[in-house]
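Notes for the one structure printed next.
We did not get these values from a lab; they are worked out from the coordinates using the rules stated. Fair warning: this is a prediction, and the values are worked out from it, not measured in the lab. Glycine gets a Cβ as well: all are built from the backbone with ideal geometry, and neighbour counts include every protein chain shown.
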Amino acid sequence: MKLSGWGRYPITKTQTTYATQPGLVASSIEAEKTTQIARGLGRSYGDSSLAEHSINLSKMDDFISFNEINGQLTCAAGVSFAEILRVFVPKGWFLPVTPGTQFITVGGAIASDVHGKNHHIEGTFCEQVSSLKLCLASGEEVECSKVHHPHLFRATCGGMGLTGIILQATFTLKPIESAYIKETTIKTTNLAETLAKFEEHASATYSVAWIDCLATGKQLGRSLLMLGEHASPQKTEQTQQKPPFQDSQTAKTSKFNMPFDLPSFTLNSFTVKAFNALYYGKVRQTQSERLVHYAPFFYPLDSIQNWNRMYGKNGFVQYQFVIPKSAGLKGLTEILTEIANSKRGSFLAVLKVFGKANDNYLSFPEEGYTLALDFKMDNTLLAFLDKLDEIVLHYHGKLYLTKDARMSEQMFKQSYPQWQEFQKIRYQYDAQTCFNSLQSKRLGL
Ligand SMILES: Cc1cc2nc3c(=O)[nH]c(=O)nc-3n(C[C@H](O)[C@H](O)[C@H](O)COP(=O)(O)OP(=O)(O)OC[C@H]3O[C@@H](n4cnc5c(N)ncnc54)[C@H](O)[C@@H]3O)c2cc1C
């Protein structure tokens, strides 16, 4: 079958095996010794879950145990974040870290070492994982954690499926008192103000800014900064006259569907500029507050099924980089100016602050600012992104592997200095003979 990541670029021919139980993973590895890679729900954007053979774990989705006192959950790697929320929010528990979609698997979250809007406080998802079970190239299953096989653990967390197949994991959910978020929106007029507001609200549990990436001159970097706190039951009942967990089982997702590919001319600098002006303009006050269900706060895009078709049949590339705080204003200004001058619109332009890096070999977050942008694929895009790469490298930044579809080997090796330690672990466990993706080949792993 033909398969792609969420960006629908690139597309490749793949044979897929659906693993429904751990024993089948080992036999599938044995049967396909050559080039295979794990796949969850395919929400990585580029080619990290693409290979000649893919082992799909999304049907291996059992909950194994839950400790109601401390929130420790053990589940199979194919359990989705959406399922965890559906089951556990009504019981008063929430994911400790969640990305901007709930349609990902636990295995995918670990392999990408995903981050959320609370990285500055909680770190990455893997920092909440106490142990995981991995199926190696030999078919052997090993339990690893910070104590047992710590190097294998560090290589697997953020290792893009290149050390083996994650079968199950144990991590801790966090207690909540309602399914609602107290959201504060702050409207800023330029980039310096946006960064200053992030600093001013560094203690907010969740923070994220949508940037109008086509604004130029004095308005460059104007944004809507969204802050969030889990709401108390009193607040929920007062404001909504609803019990604290009502609606949590029917997470407000997938109301709309994008039934077909939009023609590629639909998205252009005029339409994106018009959308951005409307979106920014609809917020009138400099600061406002509201109570929202967790779904629209964390997962606004999940409400439109197949929204990735909006970019037309050629797909799109998501470009997400991080640059150190010291380079922040200068580096971001240079990149936003380059984008605005190129007249390439991105509906999505999301800025977050990262806290300290962890010690996983290929983990993405590092203390600084991270910006994610979507660009429609056309025949000049790749050359344009090469230009952005130069700026990112100049400011000692790097790109996020789970979003990547086109980074050069040279850029990868320069910006992920621990790649050699990572390779050593792969060789130690013979993983390179078995687990390879289109991405790992492109990056010279
Ligand atoms: C709308 C949207 C918003 C997003 N927002 C964020 C965000 O805010 N923060 C963030 O960090 N990410 C974000 N992402 C990216 C997403 O969280 C990651 O790509 C995640 O890894 C996808 O999980 P998946 O189950 O779909 O994995 P896939 O896309 O199927 O695979 C991703 C990688 O994980 C590996 N993998 C999957 N399952 C296993 C397994 N069982 N064992 C070993 N390796 C495995 C694959 O080989 C591949 O390398 C977003 C994606 C979308 C579409």
State which stretch of the chain is the longest one without any exposed GluC sites (Glu not before Pro), exposure meaning a DSSP loop state and at most 13 other Cβ atoms within 10 Å.
141-445
So what J values fall out for segment 80-90 if you push phi through Karplus, 6.51 cos²θ - 1.76 cosθ + 1.60 with θ = phi - 60°, rounded to Hz, Gly and Pro as x?
8, 4, 4, 5, 4, 5, 4, 7, 9, 4, x
Euclidean distance of C-alpha centroids, segment 189-223 and segment 108-140, integer Å:
29 Å
Which semi-axes, in whole Å and largest first, does the equivalent ellipsoid of the chain have when worked out from the alpha carbon gyration tensor as the square roots of 5 times its eigenvalues?
32, 27, 21
For a quick check: with amide H placed at 1.01 Å from N, whose amide H comes under 5 Å from G116's, ignoring anything fewer than 5 positions away on the same chain?
T98
Ranked by Cβ crowding within 10 angstrom, fewest neighbours first, how are D212, D378, D113 ordered?
D378, D212, D113
Please list, in order along segment 7-17, the HN-Hα scalar couplings obtained from phi with the Karplus expression 6.51 cos²θ - 1.76 cosθ + 1.60 (θ = phi - 60°), rounded to whole Hz, x for Gly and Pro.
x, 6, 8, x, 10, 9, 8, 9, 9, 10, 10
Using modelled backbone amide H atoms (1.01 Å from N, in-plane), which distant-in-sequence or interchain residues come within less than 5 Å of R39's amide H?
I55, N56, L57
Counting each DSSP H run of 4 or more residues in the chain as -39500 (n - 2.57), what helix-only mean residue ellipticity at 222 nm follows after dividing by all residues, to the nearest 500 deg cm²/dmol?
-7500 deg cm²/dmol
Once normalised by the length of the chain, the mean sequence separation of its alpha carbon contacts under 8 Å that are 6 or more apart gives a contact order in percent of 19 percent
Using only the Cα atoms of segment 1-107, build the gyration tensor, take square roots of its eigenvalues as a ≥ b ≥ c, and label the shape rounded, prolate or oblate: rounded if a/c is under 1.5, else prolate if a/b is larger than b/c, else oblate.
oblate
At a Förster radius of 41 Å, what calculated FRET efficiency corresponds to the Cβ-Cβ distance of Y18 and S130, to the nearest 0.05?
0.90
For each cysteine in the chain, check whether another cysteine's C-beta sits under 4.7 Å from its C-beta; list those where none does.
C75, C135, C144, C213, C434
Rounded to a whole number, the Stokes-Einstein D of segment 180-408 in µm²/s (Kirkwood radius over Cα pairs; 10 °C; 1.306 mPa s) is 84 µm²/s
If we count other beta carbons within 10 Å of each Cβ, what is the order of I64, I425, fewest first?
I64, I425
Note, ³J(HN,Hα) from phi for segment 153-168, Karplus 6.51, -1.76, 1.60, rounded to Hz, x at Gly and Pro
4, 5, 7, 6, 6, x, x, 6, x, 8, 9, x, 9, 6, 9, 7
Among K13, K403, which comes first, second and so on when ranked by fewest other beta-carbon atoms within 10 Å?
K13, K403
Normalised by the number of residues in segment 69-193, what is the relative contact order in percent for Cα pairs under 8 Å and 6+ residues apart?
33 percent
Under 14 Å from the S232 label point (7 Å along Cα→beta-carbon), backbone N, segment 170-197:
177-178, 182
